[in-house]
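Here the structure comes first, spelled out in structure tokens, and everything after it is commentary.
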Amino acid sequence: MERPIGVIDSGVGGLTVAHELMRQLPREQLIYLGDNKRCPYGPRTKDEVRKFTWEMVNFLLKKNIKLLVIACNTATAFTIDELTEHLEIPIIGVINPGARAAINATVNEQIGVIGTEGTIKSEAYPAALKKINPNLQVEAAACPLFVPIVEKGVLAGDEVKEVVKDSLLPFENNKEMDTLILGCTHYPLLKPVIQEVIGEHVTVISSSEETARETSAVLELKHLQTKRKNPPVHEFYSTGNMDIFYKIAETIFKESKYNNSYEIKSAVIDVD
Ligand code: DGL
């Protein structure tokens, strides 16, 4: 089965998930679409996020994808149920994997979650966490300034540290929290700064590893694994500024062996 895996995000954040998919599934081809032009999705209404997500999905369905990874928490929170209901291919979001990874990491059952306004308002993380363990204490905070910073390609420095410090103030008095979920796929790009600000005693969780593991398990279960012998060439599409997209992709992939195995292209999404 030589069909690709589709990966979507509002922008560059999903590249953190794509990178982990490439690591755990080195023979599977990815076709990634980042909607950088309309990023951020976080402050948008549920209807807008649904509309944009369907447009991205339709773009990828035309590429004959065999499985879709919604590498965006906001889109997962608002659309995973309806995508799962309407599409015949398997759909994997990032919220349940993130919740599972946090439950695996916490010792004292006190978990923090940061994400976009949309994800935090949806309460999808507390729901996913408490469905598994109702005893968990969950504290959540939106960090609306993180995505615009990352989309500009600014990932470190004094200004970033100040923004991260201010945004994590809601957790200042929570001394029991031992695990913090990065509930937005853009946030792992700020992980070193987030870890420094929140302190080494807190395990900072990104959902990408667990999402890739789930993808691998579903491919096996549904007999959808590739039989390809050689490494694939991945395709990355962006609806927006290609220079920034290229720069961030290079940052994520630069140290890795996947550096030469992808093409970046501009995408035009069909809008009604
Ligand atoms: N990376 C996305 C997420 O995981 C979306 C960020 C945004 O567009 O606001 O939620």
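The values are calculated or read from the model by the stated rules, or taken from the named source; none is laboratory data. This one's a predicted model, so the numbers in the text were calculated from it and none came from an experiment. Glycine gets a Cβ as well: all are built from the backbone with ideal geometry, and neighbour counts include every protein chain shown. All accessible areas refer to the heavy atoms of the entire protein, side chains included, with ligands and DNA or RNA removed. Shrake-Rupley method; radii C 1.70, N 1.55, O 1.52, S 1.80 Å.
Taking the solvent-accessible surface of protein heavy atoms with a 1.4 Å probe, what is the per residue accessible area of the chain in Å²?
46
Would you be so kind as to identify which of Pro134, Gly118, Leu60 lies farthest towards the positive end of the dipole of the range 36-147, taking Lys and Arg as +1 and Asp and Glu as -1 on Cβ and the Cα centre as origin?
Value: Leu60.
By a straight-distance test (C-alpha under 15 Å), which aspartates and glutamates pair with Lys247 as possible cross-link partners, with residues fewer than eight away in the same chain excluded?
Counting by Cα, and skipping residues close in sequence, Lys247 has these aspartates and glutamates nearby: Glu151, Glu255, Glu263.
Where a Cα-Cα gap under 24 Å defines reach, which lysines qualify for Lys130, not counting those fewer than 8 residues away within the same chain?
Leaving aside lysines fewer than 8 places away in the same chain, those within reach of Lys130 are Lys46, Lys121, Lys175.
Compute the semi-axes of the equivalent ellipsoid of the chain, taking the square root of 5 times each eigenvalue of the Cα gyration tensor, and list them largest first in whole Å.
Result for the chain: semi-axes of 28, 21, 18 Å.
Which loop GluC sites (Glu not before Pro) in the range 124-198, with loop taken from DSSP, have no more than 13 other Cβ atoms within 10 angstrom of their Cβ?
Passing sites in the range 124-198 are Glu172, Glu176.
Can you give me the solvent accessible area of Lys130 with a 1.4 Å probe, rounded to the nearest 10 Å²?
Lys130 exposes around 90 Å² with every protein chain in place.
When the accessible area of the range 152-272 is computed with all protein chains present and a 1.4 Å probe, what percentage of it is carbon and sulfur?
The computed percentage sits at 48.
Let me know the charge dipole size of the chain about its Cα centre in debye, to the nearest 20, where only the beta-carbon of Lys, Arg (+1) and Asp, Glu (-1) is charged.
For this selection, approximately 900 debye.
Ordering Lys161, Lys227 by accessible area with a probe of 1.4 Å, largest first, what comes out?
Lys227, Lys161
Listed highest first by mean packing, meaning other Cβ atoms within 10 Å per residue, what order do 12-22, 198-208, 244-254, 30-40 come in?
For the peptides 12-22, 198-208, 244-254, 30-40, the packing ranking is 12-22, 30-40, 198-208, 244-254.
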